[in-house]
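Structure first, then comments.
The values are calculated or read from the model by the stated rules, or taken from the named source; none is laboratory data. Remember, it's a predicted structure, so these values are computed and weren't measured experimentally. Quick reminder, even Gly has a Cβ in these numbers, built from the backbone with ideal geometry, and neighbours come from all protein chains shown. These accessible areas exclude ligands, DNA and RNA; they are computed on the full protein's heavy atoms, side chains included. Shrake-Rupley method; radii C 1.70, N 1.55, O 1.52, S 1.80 Å.
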Amino acid sequence: MEILSYNCAPCSHVVKLRLELVLKSSNLHQSRLTFRKHKFWCTKIDSRDGTLRFHNLDQSIVKKPSHRGRFRSLNILAGFKNVDSKVLSGGYNGYVIGGEGDASDIAERGESATKVVIPELPDESNGEVGAPVSSCFWEWKPKFNVHYEKAGCENVNSVPVLFLPGFGVGSFHYEKQLKDLGRDFRVWAIDFLGQGMSLPLEDPTPRSSEGDTSVRKDYAWGFGDETEPWASDLVYSIDLWRDQVQYFIEQVIGEPVYLVGNSLGGFVALYFAARNPHLVKGVTLLNATPFWGFLPNPIRSPRLAKVFPWAGTFPLPSSVRKLTEFIWQKISDPTSIAEVLKQVYADHSTNVDKVFSRILETTQHPAAAASFASIMFAPQGQLSFKDALSRCRMNNVPICLMYGKEDPWVKPVWGVQVKRQVPEAPYYEISPAGHCPHDEVPEVVNYLLRGWIENLETHGSVALPLLDDEESIKYSIAKDLEFLRDGSSKSVRVRFFGSSFSLWNMIRSLIKSHFGN
């Protein structure tokens, strides 16, 4: 054990902090897999070395992270001078502070009113360095080039984590996870085929001179009359993305991973885990969409599927081309993109300039419109979301739920349904946060994800995030998580629902919280 003593004076108070940095060895089970030959190439984005800093202290505590199968648990015991305070509990990479009245509040209301201070993200403007991120391409099949980003790969024997994006975005949406979590883990984020930078490099249906010219030239790819051999069976469906994830894990990562998926990525993560539990160490759902696809699956409903003459293959029928051109001009307009981002982010002060520019860049790719049409008309998966969830539970795949409460699309009721089906899964409801909590409140999501992974890797010897004892796992608790962002303090309420969760307990907890605070 290594103990660091440190004195500092944040804000207007003098605080004495005693930092206990506990390094625990973890024997990670490495599964032996048979891998196929593959080809991939990389381009560095950030070449600076990663260090771990806690900038919310007067002086910086800088320590090179240990990456050889070790975990760090940071317990900060704090006491305010001239302030009557009491430390109630410790947490992973954070500390909890509460007033004397908090103990009675807990007894009366059955839930905590304490505040948990968690680390901020690496602030490069102040000299802090996040994990270097590499932008890479992996050739899965001829003409199928998958773009992905990675960080922390020098952390030999550390935990592997793979992030799956939502619809319309890509690996860039997890930049805040790669730079932060890449200091501890080996982290990857991929672009699904047909999205982001995993769009085709060639036209799957080269247009003849007599082809349809109603579509703008920059949208021409995929609107021809004849399909190239490599795209003859191409459909941008959830089954294609499931296969993409499987081969990426086997050929690039090389061992079972923790999967984290937002929206569509959450469905794909669960769908993949249900089919390949041996390749998954755990699944975290971030406002996962509970359904995907409008047309029937030909294997599940062969007769019904025959009713629909086209199911996302190339070439696109002429009627679909005209419809796609009309819809695409609407949804790819910068004003429409900005409006969607305004809907899905609960905190409108969140800087979404990078996300906006990357989405706009993707829409300008010549294959984007036809790929969008294929995605929209692709059949449903062979398993429903509910079936996939049942299979994961049957195969003992650990599941963690993190949902933004103010999501206008995947409302909390969908997360509650998942929790009811898998009552043992920890459920964290974050507010204010919308459809993309990992980008809106990355400090919170990263903190919870680190703690959940540590809980699993230590076989429960380290408590789940925000829980003071095992008994708390059964009930509902709520805590305010505070962190610094751009020099200012921010606070987010996180409510945890335990194994004894029920809809009535949720309503009762919300009423008590509303009238008790």
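Would you report the distance distribution of C-alpha pairs in segment 218-330 as whole percents per 5 angstrom bin, up to the bin with the largest distance?
2, 10, 15, 17, 17, 17, 12, 8, 2
What is the set of long-range amide H partners of Phe314 at a cut-off below 5 Å, with H atoms built 1.01 Å from backbone N?
Leu234
If DNA, RNA and ligands are ignored and the probe is 1.4 Å, what is the ranking of Ile238, Ile331 by accessible area, most exposed first?
On the way: Ile238 5, Ile331 75 Å².
From most accessible down to least: Ile331, Ile238.
So how long is each side of segment 116-275 along the principal axes, counting just the alpha-carbon atoms, biggest first, in Å?
64, 39, 28
Subtract the Cα-Cα distance of Asn396 and Asp243 from 0.36 nm times their separation in residues, and report this length gain in nm to one decimal. The partial results should precede the final answer.
Values: separation 153, 0.36 × 153 = 55.08 nm, distance 2.15 nm.
Stretched fully, the Asn396-Asp243 segment lengthens by 52.9 nm.
On a C-alpha basis, how far is the centre of segment 112-155 from the centre of segment 239-269 in Å? Whole number, if you could?
17 Å
Any idea of the accessible area per residue across segment 337-475, 1.4 Å probe, to the nearest Å²?
That works out to 40 Å² for each residue.
Once the piece of chain linking Glu228 and Leu323 is laid out straight, how much longer is it, given 0.36 nm per residue of separation minus the C-alpha distance between them?
Details: separation 95, 0.36 × 95 = 34.20 nm, distance 2.29 nm.
Value of the extension gain: 31.9 nm.
Please give the solvent-accessible surface of Met394 in Å², to the nearest 10, using a probe radius of 1.4 Å with every protein chain present.
Result for Met394: roughly 140 Å² accessible.
Amide H neighbours of Ser476 under 5 Å, at least 5 residues apart or on other chains, H built in the peptide plane: list them.
Residues meeting the criterion, in which the H sits 1.01 Å from N, are Gly498.
Just the accessible area for Arg493, please: 1.4 Å probe, Å², rounded to the nearest 10?
Estimated to the nearest 10 Å², Arg493 gives 60 Å².
Once you put a point 7 Å from the Cα of Glu202 and another 7 Å from the Cα of Gln343, both along the Cβ direction, what distance in nm separates them?
Using points 7 Å along Cα→Cβ, the separation is 3.8 nm.
As an exercise, use a Förster radius of 22 Å and the Cβ-Cβ distance of Phe294 and Asp333 to find the FRET efficiency, rounded to the nearest 0.05. Show your work: numbers first, answer last.
Values: r = 23 Å, r/R0 = 1.06.
Calculated value: 0.40.
Where Rh is the Kirkwood radius over the Cα pairs of segment 250-406, the temperature 10 °C and the viscosity 1.306 mPa s, what D in µm²/s does Stokes-Einstein return? Walk me through the numbers before you get to the answer.
Details: Rh = 18.0 Å.
Calculated translational D: 88 µm²/s.
Could you sort out which of Lys176/Lys411; Lys176/Lys354; Lys143/Lys179 sit more than 19 Å apart by Cα distance in this structure?
Values: Lys176/Lys411 24 Å; Lys176/Lys354 12 Å; Lys143/Lys179 30 Å.
From Lys176/Lys411; Lys176/Lys354; Lys143/Lys179, over 19 Å: Lys176/Lys411; Lys143/Lys179.
Report the extension gain between Arg485 and Asp387 in nm, rounded to one decimal, defined as 0.36 nm multiplied by the number of residues separating them, less their alpha carbon distance.
This chain segment gains 31.3 nm when fully extended.
With a 1.4 Å probe and all protein chains left in place, how much of the accessible area of segment 395-461 comes from carbon and sulfur atoms, in whole percent?
Details: 1080 of 2000 Å².
It is 54 percent, rounded to a whole number.
At 7 Å along the Cα-to-beta-carbon direction for both Lys141 and Phe308, put a label point, then send me their distance in nm to one decimal.
For the pair Lys141/Phe308, the computed spacing is 2.0 nm.
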